[in-house]
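This report refers to the structure that appears directly beneath it.
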Amino acid sequence: MDVRAGEKPLAWQSQPVNDEGPTYALAKDVTARNESEPALRESERRYRLLAENATDMIGQWDPQARIVYLSGASRALLGYAPEALIGRDGYELIHPEDVAAVTAAHESLLRGAERARVVSRLRRRDGRWVWTESVARMLLDAEGRQAGIQFATRDITESKRQMDALQQAEERLRHAEAESRRARDAAERANRAKSAFLARMSHELRTPLNAIMGFAQLLELDDLTAEQRESAARIVGGGRHLIEVINDVLDISRIEAGEMAIELAPIDVGATVDAVVGLVAPLAAERRMLVRIDLDAQHAHACADGHRLKQVLLNVVSNAIKYGPAGSEVLVRTVADGERVRVSVTDAGPGIAPHEAARIFEPFERLERDAATEGTGLGLALSRNLVGAMGGEIGVRPAGDGSEFWVELQAAGAAPTPVAQERAPTRESELAGTLLYVEDTPSNAAFMRRLLRDAPGVELTVACDGASGLAAARDHGPDAIVLDMALPDIDGLAVLERLKGDPASATIPVIAVSADVAPEREAAVLEAGAVAYVQKPIEVDRFTRLLTSVMTRPPQPDA
Ligand code: ADP
């Protein structure tokens, strides 16, 4: 606007008050605004230059959502030159399903939001839809009134496609997880139903059986003929057998349903063997057999449940006596290599053919040749379940004419075997070193063993209670310790404090693992010096990264 000397530039605004009344007009001196116009124009020029060179499409709507400006990037994004779109309704190109999202963003700006972000599809000139993301802000004029909307829009078709694929994959994964959870729940329900049924049935069987056994034994006290005595003895013998079957079946189903409490502690294996051999002495004497004990590992302790280990060994040793020839010898040996403790029972019996070896560990499976020998066919099945629940293994192999049944368990606070010379040289920096895991639950120990199977550089030692954990830390100085916070003998926090208080173990990084999600507990554990507090269930990836951060060997040259 040209302004001559003595004149003032005025801006007019007029509005009728109502239909009949006068029209009021307002004039405003806009000298200041006009004087700043060249500067404004210059800044607008610079802005346009910037906008034209941006890869994002920059644009502007007037307050009626009409397009008043678009940068040249509209050609690449929409296939239109800016001039083709200027003056058109900004909503025209928006996909009908996305209009609501754009409207919401628009309204939020009208309500005063500083900026709004919206994802929407825009129709290209060739009719295809392009996924875009726009960031918009409100433009204000010199008086602070809303003057339009400025936006930057970019093509996100490719990243949207990738995100969608990721989402679909996640959805499928969630679906599969839900499926497997459902299957597992169903299996658990079925297992619980089976256990409940067995518990109920065993109760129902036991009650009349008590009467049968009681009265048969009373009968034996009576003045009986030899024939009657034999009949009574048969009733008692049959009853005992039935009770054994009921107990074993119940035990097996309890283990399978995860209802049998197995408490691991360091158990003196030699002492257990002595006790078992004492218990079978009458059976051995009856069959004129000698049971020899060879304790190679005198004071070896295994991670085991004392009561259940005795049950397993009792079964295996009495089998050796039952199935070995009368007058022969049975040898019970213990061997420990620092990591595992092995008990083997060798007999001079008929032996087990390799193809029968798996079968005899199944419930009710007996070899035909032994039909005449008293037995239920449940002892080895139960033993296998019990040993498995203790994190160990059981098996059989030929030994001379007879067989050797063996039971192997994790040594308690076992010394890591020297591995430096055996370990394959690692090509790159990887998880390696000695790791002590203090954990009493066998399934968790098994989980860790499985987790570290792919890390051959890690030497894992499991200690099954706080005391043996402390001893192992002191004696072997592992590179790192994973400490379960709920241990049977000493509270995990107390174990941690003792580890940190002992100069021999103070500097070993300790990762605490706990099912306790209370922030105070976590704070106390970290305060006591743990490098991390990991909540159960352990998330494998994160845990492995954590472990790698505390125990990584520098790369070694190729051998
Ligand atoms: P049970 O002894 O009550 O039959 P087990 O489950 O303990 O049940 O054993 C299953 C079967 O394995 C036995 O019936 C027998 O045929 C075979 N068996 C077990 N121990 C021995 C052994 N030491 N020598 C030969 N056969 C054996």
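Could you tell me whether the range 101-108 includes any residue that is assigned by TED's automatic domain parsing to the domain that holds ASP141, closer than 14 Å to ILE149 by Cα, assigned to a strand (DSSP E or B) and open to solvent by 60 Å² or more (accessible area, probe 1.4 Å)?
No; the residues of the range 101-108 include none that is assigned by TED's automatic domain parsing to the domain that holds ASP141, closer than 14 Å to ILE149 by Cα, assigned to a strand (DSSP E or B) and open to solvent by 60 Å² or more (accessible area, probe 1.4 Å).
Hey, any hits in the range 365-375 for a residue that's out of contact with any Phe, Trp or Tyr (no Cβ under 9 Å at 6 or more places or on another chain), crowded, with 21+ Cβ neighbours inside 10 Å and not polar (S, T, N, Q)?
no
Suppose we filter ARG125, ARG121, ARG181, ARG172 for residues that are at pLDDT 90 or above and part of a strand (DSSP E or B); which single one remains?
None of the others qualify; the one that does is ARG121.
Applying the selection to the range 359-368, what residues are near the ligand (Cβ under 7 Å from one of its atoms) and among the basic types (Lys, Arg)?
ARG366
Between ALA348, ALA372, ALA285, which is away from the ligand (no atom under 12 Å from the Cβ) and over 30 Å from ASP489 (Cβ atoms)?
Answer to the selection: ALA285.
If you go through the range 440-480, how many residues are open to solvent by 40 Å² or more (accessible area, probe 1.4 Å) and either among the β-branched types (Val, Ile, Thr) or in contact with a Leu (Cβ under 6 Å, 6 or more places away or on another chain) (or both)?
1
Can you tell me which residues in the range 481-507 are open to solvent by 10 Å² or more (accessible area, probe 1.4 Å) and in a loop (DSSP other than H, G, I, E, B)?
Within the range 481-507, ALA486, LEU487, PRO488, ASP489, ILE490, ASP491, ASP502, PRO503, ALA504, ALA506, THR507 meet the criteria.
Quick check on this structure: which one of GLU83, GLU52, GLU92 is loosely packed, with under 11 Cβ neighbours inside 10 Å and either modelled with pLDDT of 70 or more or part of a strand (DSSP E or B) (or both)?
GLU83
Which members of the range 309-326 meet the condition of being more than 11 Å from the ligand (Cβ to nearest atom) and open to solvent by 40 Å² or more (accessible area, probe 1.4 Å)? Outline the logic, then answer.
Step one: list which residues in the range 309-326 are more than 11 Å from the ligand (Cβ to nearest atom), which gives 309-311, 313, 326.
Result: LYS310, GLN311, ALA326.
For the range 338-347, which residues satisfy the criterion of being part of a loop (DSSP other than H, G, I, E, B) and either of a type in the set (Val, Ile, Thr) or at pLDDT below 95 (or both)?
Scanning the range 338-347 gives GLY338, GLU339.
Going by the structure shown, is THR334 buried (at least 17 other Cβ atoms within 10 Å of the Cβ) and outside any helix (DSSP H, G or I)?
yes
Sort through GLU339, GLU329, GLU356 and tell me the only one that's assigned by TED's automatic domain parsing to the domain that holds GLY400 and either without any contact (Cβ under 8 Å) to a residue 24 or more places away in the chain or within 12 Å of the ligand (Cβ to nearest atom) (or both).
Matching residue, one of GLU339, GLU329, GLU356: GLU356.
Take the range 256-278 and flag every residue that is crowded, with 18+ Cβ neighbours inside 10 Å and either assigned to a helix (DSSP H, G or I) or of a type in the set (Val, Ile, Thr) (or both).
ILE262, ILE267, VAL269, GLY270, THR272, VAL273, VAL276, VAL277
Out of all the residues in the range 301-308, is one or more open to solvent by 50 Å² or more (accessible area, probe 1.4 Å), farther than 30 Å from LEU198 by Cα and either away from the ligand (no atom under 14 Å from the Cβ) or in a helix (DSSP H, G or I) (or both)?
Yes: one or more hits.
Of the residues that sit in the range 399-429 and are among the charged types (D, E, K, R) and at pLDDT 75 or above, which one is farthest from the chain's Cα centre (by Cα)?
Checked the range 399-429; the qualifying residue farthest from the chain's Cα centre (by Cα) is ASP401.
Taking the range 395-414 as the search range and keeping residues that are within 16 Å of the ligand (Cβ to nearest atom) and acidic (Asp, Glu), which one is surrounded by the most Cβ atoms within 10 Å (Cβ to Cβ)?
Looking at residues that are within 16 Å of the ligand (Cβ to nearest atom) and acidic (Asp, Glu), I get GLU404.
For the range 279-300, enumerate the residues that are touching a residue at least 12 places away in the same chain (Cβ under 8 Å) and open to solvent by 50 Å² or more (accessible area, probe 1.4 Å).
Residues of the range 279-300 that are touching a residue at least 12 places away in the same chain (Cβ under 8 Å), as a first pass: 279-280, 283-284, 287-300.
Scanning the range 279-300 gives LEU279, LEU283, ARG287, ARG288, LEU290, ARG292, ILE293, ASP294, ASP296, GLN298, HIS299.
Going through the range 375-394 one residue at a time, which ones are within 15 Å of the ligand (Cβ to nearest atom) and part of a loop (DSSP other than H, G, I, E, B)?
GLY375, THR376, GLY377, LEU378
If I filter the range 198-219 for residues that are in contact with a Ser or Thr (Cβ under 6 Å, 6 or more places away or on another chain) and either assigned by TED's automatic domain parsing to the domain that holds GLU439 or surrounded by 11 or more Cβ atoms within 10 Å (Cβ to Cβ) (or both), do I get at least one hit?
We begin by selecting, within the range 198-219, every residue in contact with a Ser or Thr (Cβ under 6 Å, 6 or more places away or on another chain); these are 198.
Going one step further and asking which of them are either assigned by TED's automatic domain parsing to the domain that holds GLU439 or surrounded by 11 or more Cβ atoms within 10 Å (Cβ to Cβ) (or both), we end up with 198.
Looking for residues that are in contact with a Ser or Thr (Cβ under 6 Å, 6 or more places away or on another chain) and either assigned by TED's automatic domain parsing to the domain that holds GLU439 or surrounded by 11 or more Cβ atoms within 10 Å (Cβ to Cβ) (or both), one finds at least one in the range 198-219, hence yes.
The values are calculated or read from the model by the stated rules, or taken from the named source; none is laboratory data. Small disclaimer: the values here were computed from a predicted structure and weren't measured. Glycine also receives a Cβ, built like all others from the backbone with ideal geometry; neighbour counts cover every protein chain displayed. Areas reflect the complete protein model, heavy atoms only, side chains present, ligands, DNA and RNA absent. Shrake-Rupley method; radii C 1.70, N 1.55, O 1.52, S 1.80 Å.
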